[in-house]
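Notes to accompany the following structure.
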Amino acid sequence: MPEISKLKELKPSWDYLKETKLPIFIYGMGDGCLKLLREFGKYKIPIAGIFASDEFVRGHSFEGHLVHKLSEIEEALGCGNFVIALAFAAGYDSLIRRIDEIDNRNILLAPDTDAIGVGAFTMDMLCDNINKIESVYNSLADEMSKQAYYNVLAFKITGELHYLRTCTTTPDEAFENILKPTENEIYVDLGAYTGDTIAELLSYTNGKYERIYALEPNARNFRKLKANTENMDNCIIENAAAWNGEDILIFNPGGGRQSQVSKKGIETKATSVDILLKGEKATYIKYDVEGAEGQAIEGTTQTIKKYKPKLCVALYHRAADVFELPLQILDICPEYKLYVRHYPYYPAWETNLFCV
């Protein structure tokens with residue numbers, strides 16, 4: 001297995017982009033492109049243009065740049081004679097395959113940009129926290145976890161997609177080999193969205209469970225969650241955010257899954273797992289709360305200490321989560337075995353920590 005210290009020898013993606021003499025094109029429009037444009041401006045890196053997949057280009061312009069077709073750039077410059085900076089996320093197979101095909105014939109990087117807008121993982125962060133990162137790495141329970149952990153960090157530094165391709169696994173593997181859900185689960189779903197992860201769990205338990213608790217702060221998502229669970233017995237749902245206690249938070253409702261604590265937005269009730277359960281048992285808790293995982297774990301301290309439930313924790317919303325959250329959990333319950341898995345996704349936004 002690679003040593004974590006080897007990560008310090010890798011070339012950061014931004015160093016490569018600053019030094020290359022090849023023209024650089026950003027692939028994609030939208031928020032991801034805006035993030036990259038800000039970073040390119042900060043590093044004073046010129047871009048040659050923006051492109052999109054051929055079928056999406058119909059005379060578009062974005063931030064003052066004409067949006068090109070990839071085929072036109074490849075024909076004009078030749079594959080391998082320019083650099084692509086990926087500016088969007090891909091989570092379904094056909095799009096991932098398309099990106100892989102482009103990567104195979106071109107120089108493509110996906111510079112790390114954080115999921116919720118609070119800073120990316122950098123070489124400085126790695127070096128400043130190398131002891132914590134090594135501690136997490138050495139605590140991981142199997143070789144697959146260590147390889148995934150190393151590869152995800154290597155990707156965050158270099159932006160090279162092959163690191164993610166070679167450590168990707170499926171939810172089936174995690175459920176069957178790590179979580180091993182039973183028909184008697186008491187499941188706490190933090191960031192329940194519309195109930196998709198409840199349905200996912202029940203697909204492994206023949207639809208059976210003992211009790212379900214679900215928190216979802218976004219009002220629109222909560223309405224769908226309520227509709228999708230209204231015929232389920234022993235399913236307690238709340239339109240609330242997972243936190244370290246009872247509070248009223250300002251929440252940016254965002255779109256889709258990405259509601260998060262913000263300076264502007266809607267007042268939203270927040271509560272903790274310890275308060276929600278009132279001392280009762282949980283057997284499995286999922287944390288996917290858009291950057292508030294640390295507070296939500298803090299609010300589960302008594303439940304974790306007493307019952308040691310299985311945990312699934314999103315490890316990718318904040319750059320420091322990849323080392324801070326595992327250490328936080330081990331500080332509460334040193335008996336846990338830790339596993340890391342990365343699901344099919346570019347960038348590393350589907351990297352999860354499992355504790356059993």
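Quick note: the coordinates plus some simple rules give every number you see, no bench work behind them. On a predicted model such as this, the values are computed, not experimentally measured, just so you know. Cβ atoms come from the backbone with ideal geometry, glycine included; neighbour counts cover every protein chain shown.
Points to keep in mind about this one:
- Our coupling estimate for the stretch 289-300, obtained by passing each phi through the Karplus curve with A = 6.51, B = -1.76, C = 1.60 and θ = phi - 60°, is 10, 6, x, 9, 4, x, 5, 5, 5, 4, x, 10 Hz, Gly and Pro reported as x.
- Residues whose placed amide H lies under 5 Å from that of W243, excluding near-sequence neighbours: T271, S272, V273
- Stokes-Einstein, applied to the Kirkwood radius of the stretch 1-79 over Cα pairs at a viscosity of 1.567 mPa s and 4 °C, places its translational diffusion at 91 µm² s⁻¹.
- Listed residue (Y137, L190, N234) projecting farthest to the positive dipole end of the chain, Cβ model: L190
- Summary of packing: across the peptides 294-300, 232-238, the per-residue average of other C-beta atoms within 10 Å ranks them, highest first, as 294-300, 232-238.
- Put simply, the C-alpha atoms of the stretch 4-165 give a gyration tensor, and the ellipsoid matching it has half-axes of 30, 17, 14 Å, longest first.
- Evaluating 6.51 cos²θ - 1.76 cosθ + 1.60 at θ = phi - 60° for every residue in the stretch 331-348, the Karplus couplings come out as 5, 6, 9, x, 6, 5, 8, 10, 10, 10, 9, 10, 8, x, 5, 10, x, 7 Hz, glycine and proline recorded as x.
- Highest to lowest packing among 135-141, 69-75, scored as the average C-beta count within 10 Å: 135-141, 69-75
- DSSP-defined beta bridges in the chain - what % are antiparallel, rounded to 5: 35 percent
- For the chain, the mean projected area of the C-alpha convex hull, equal to one quarter of the hull surface, is 18.3 nm².
- Amide hydrogen neighbours beyond the local backbone of I107, cut-off 5 Å, H modeled: G80, F82, I84
- Checked against a 26 Å cut-off, the cross-linked pairs K146/K180; K11/K286; K132/K269; K6/K44; K224/K337; K11/K69 give Cα-Cα distances beyond that limit for K11/K286; K132/K269; K6/K44; K224/K337; K11/K69.
- Our coupling estimate for the stretch 4-16, obtained by passing each phi through the Karplus curve with A = 6.51, B = -1.76, C = 1.60 and θ = phi - 60°, is 4, 4, 5, 4, 5, 8, 6, 8, x, 4, 5, 5, 4 Hz, Gly and Pro reported as x.
- Overall size of the stretch 181-314 from C-alpha positions, given as principal axis extents largest first: 42, 32, 23 Å.
- Stretching N131 away from E63 to a fully extended chain increases their span by 20.3 nm, per 0.36 nm per residue minus the current alpha-carbon distance.
- Amide H partners (placed H, <5 Å) of A214, local residues excluded: D189, I236, I237, E238
- Averaging the sequence gap over all C-alpha pairs within less than 8 Å and six or more residues apart, then dividing by the number of residues, gives the chain a relative contact order of 17 percent.
- Scoring 176-182, 52-58 by mean Cβ neighbours within 10 Å over their residues and listing the highest first yields 176-182, 52-58.
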